[in-house]
Amino acid sequence: MKLCAVSVDLDEVPCYHAIHGLAPPDDGSAHAVYTRAVPRLGELFTELGIPATFFVIGRDLGAPIARSAALGLDRAGHELGNHSMNHRYDLVRLGPEAMRAEVRGASDAIAAVVGRRPVGFRAPGYTITDGLFDVLAGEGFAYDSSVFPCPAYYGAKTAAIGLIAARGRASRSIVDRPGVLLAPADPYFPARPYWRRAALGASLVELPIGVTRGARLPFIGTTVSMLGPALAPLLARQMVGRPLVNLELHGLDLLDADDGLRGLAAHQRDLAVPVSRKAAALRATVRSLRDAGYEFVTLRDAAGVFAHRARD
């Protein structure tokens, strides 16, 4: 069985301002992910018949629009995952108790809305450490999906942080240890350090962010939307052969500059791509993977399958 899981990180617009070292927005655009992107994503996934996983930031659930959206996604059959309480890019630099509070706080917030705790976690900025894995294991998570073993992304992120600094601003984003580039690209049980594969008996499974076979190019929403509907399927075909295709999106992948984000668009290139073109690229990508025989599942279900396979 070949599986594909589509997930969405619901990072609100202020998270992108933090990446670019900008002051947070003080208008309605600050909530564009929940007010505009989530309804579009829900409609698109219904059209495509995809059960998706949405990684939720706990603090956002303090707003009625976010609580209502999260409950609606849950009732539609989608999975809600934990994306930390405050989306601190420096989460892994906190002490163990502070990390635990960030993780547990988001789980509590999600449980208060949908009545059960999430079983999956994704770290802000994909940055994770052995210490954070210890917290996840202690909190009873079934899987993590943060490891992104992608040289192109690692280099681009490092360069972007340096360029922002050269322009006199301080990005809140941080760079993971380069050992992440050695991590398996397919599901595995993490050892110590986390980019090594453990023997059986590890407590949770890692579902790495998608990278292509060979060159390990990033298979994420940004690259799919930038390539467009004609070229995105070519990238998808380079994923064929992986037992799990883990396509990670952000809410921003169904927003554009016309959503009140023209100021941010000067710094965030993918906002120049119209929503209609982004949606068309996602449709073409899904069709390509379906044609290759992939079944679409939530990350929770994928984790269950791979944990079972590994222990058989």
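Could you tell me which of the residues Thr222, Thr285 is without any contact (Cβ under 8 Å) to a residue 60 or more places away in the chain and under 25 Å from Leu10 (Cα atoms)?
Values: Thr285 fails: without any contact (Cβ under 8 Å) to a residue 60 or more places away in the chain.
Result: Thr222 is the single residue among Thr222, Thr285 that is without any contact (Cβ under 8 Å) to a residue 60 or more places away in the chain and under 25 Å from Leu10 (Cα atoms).
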- May I ask you to list the residues in region 238-270 that are in a helix (DSSP H, G or I) and buried (at least 20 other Cβ atoms within 10 Å of the Cβ)? Gly251, Leu252, Asp253, Leu254, Asp259, Leu264
- Task: Using the structure shown, decide if Pro51 is in contact with a helix residue (DSSP H, G or I) (Cβ under 9 Å, 6 or more places away or on another chain) and without any contact (Cβ under 8 Å) to a residue 40 or more places away in the chain.
- Result: no
- Query: If you check every pair at least six apart or on different chains, which have Cβ atoms under 8 Å apart with a residue in region 15-29 that is of a type in the set (Asp, Glu) first and a residue that is assigned to a loop (DSSP other than H, G, I, E, B) second?
  - Reply: Asp27/Gly260
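Within region 167-202, take every residue that is of a type in the set (Phe, Trp, Tyr) and part of a loop (DSSP other than H, G, I, E, B) and give me the one that is farthest from Ala266 (Cα to Cα).
Keep residues of region 167-202 that are of a type in the set (Phe, Trp, Tyr), which gives 188-189, 194-195.
Now narrow it down to the ones that are part of a loop (DSSP other than H, G, I, E, B): 189, 194-195.
Values: Phe189: 40, Tyr194: 36, Trp195: 35 Å.
Checked region 167-202; the qualifying residue farthest from Ala266 (Cα to Cα) is Phe189.
Go through region 184-196 and give me each residue that's over 21 Å from Lys2 (Cα atoms) and either within 18 Å of the chain's Cα centre (by Cα) or surrounded by 15 or more Cβ atoms within 10 Å (Cβ to Cβ) (or both). Full working, then the answer.
Kept after step one, since they are over 21 Å from Lys2 (Cα atoms), are these residues of region 184-196: 190-196.
Answer for region 184-196, where residues must be over 21 Å from Lys2 (Cα atoms) and either within 18 Å of the chain's Cα centre (by Cα) or surrounded by 15 or more Cβ atoms within 10 Å (Cβ to Cβ) (or both): Pro190, Tyr194, Trp195.
Quick test for you: out of Arg104, Arg36, pick the one residue that is over 17 Å from the mean Cα position of the chain (by Cα) and surrounded by fewer than 20 Cβ atoms within 10 Å (Cβ to Cβ). Write out each step before concluding.
Values: Arg36 fails: surrounded by fewer than 20 Cβ atoms within 10 Å (Cβ to Cβ).
Sole residue among the options that is over 17 Å from the mean Cα position of the chain (by Cα) and surrounded by fewer than 20 Cβ atoms within 10 Å (Cβ to Cβ): Arg104.
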- Query: Is there any pair with a first residue in region 86-103 that is on the phi > 0 side of the Ramachandran plot and a second that is among the aliphatic types (A, V, I, L, M) whose Cβ atoms are under 9 Å apart and which are 6 or more apart or on different chains, and what are they?
  - Reply: His87/Ala18; His87/Ile57
- Query: Only one of (1) more than 30 Å from Arg237 (Cβ to Cβ); (2) crowded, with 17+ Cβ neighbours inside 10 Å fails for Ser7. Which number is that?
  - Reply: (1)
- Residues that are in contact with a Gly (Cβ under 6 Å, 6 or more places away or on another chain) and under 14 Å from Val119 (Cβ atoms), drawn from region 77-108: Gly81, Ala106
- Message: Pull out all pairs, ordered by first then second residue, where Cβ-Cβ is under 9 Å, the residues are six or more apart or on different chains, the first lies in region 178-204 and is under 26 Å from Leu217 (Cβ atoms) and modelled with pLDDT of 95 or more, and the second is polar (S, T, N, Q) and not in a loop (DSSP other than H, G, I, E, B).
- Response: Pro187/Asn246
- Message: So in region 45-68, with the set limited to residues that are aliphatic (A, V, I, L, M) and under 16 Å from Asn246 (Cβ atoms), which one is surrounded by the fewest Cβ atoms within 10 Å (Cβ to Cβ)?
- Response: Ile50
- Note on the structure: Of the residues in region 276-305, those that are assigned to a helix (DSSP H, G or I), in contact with a strand residue (DSSP E or B) (Cβ under 9 Å, 6 or more places away or on another chain) and hydrophobic (A, V, I, L, M, F, W, C) come to Leu282, Val286, Leu289, Leu299, Ala302, Ala303, Val305
- Every residue from region 1-22 that is closer than 16 Å to Ser173 by Cβ and either in contact with a strand residue (DSSP E or B) (Cβ under 8 Å, 6 or more places away or on another chain) or in a loop (DSSP other than H, G, I, E, B) (or both): Asp9, Asp11, Glu12, His20, Gly21, Leu22
- Could you run through region 110-136 and say how many residues are in contact with a strand residue (DSSP E or B) (Cβ under 9 Å, 6 or more places away or on another chain), of a type in the set (A, V, I, L, M) and either part of a loop (DSSP other than H, G, I, E, B) or surrounded by fewer than 16 Cβ atoms within 10 Å (Cβ to Cβ) (or both)? 3
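The values are calculated or read from the model by the stated rules, or taken from the named source; none is laboratory data. Note that this is a predicted model, so its numbers are computed, not measured. Backbone-built Cβ (ideal geometry, glycine too); neighbour counts: all protein chains shown.
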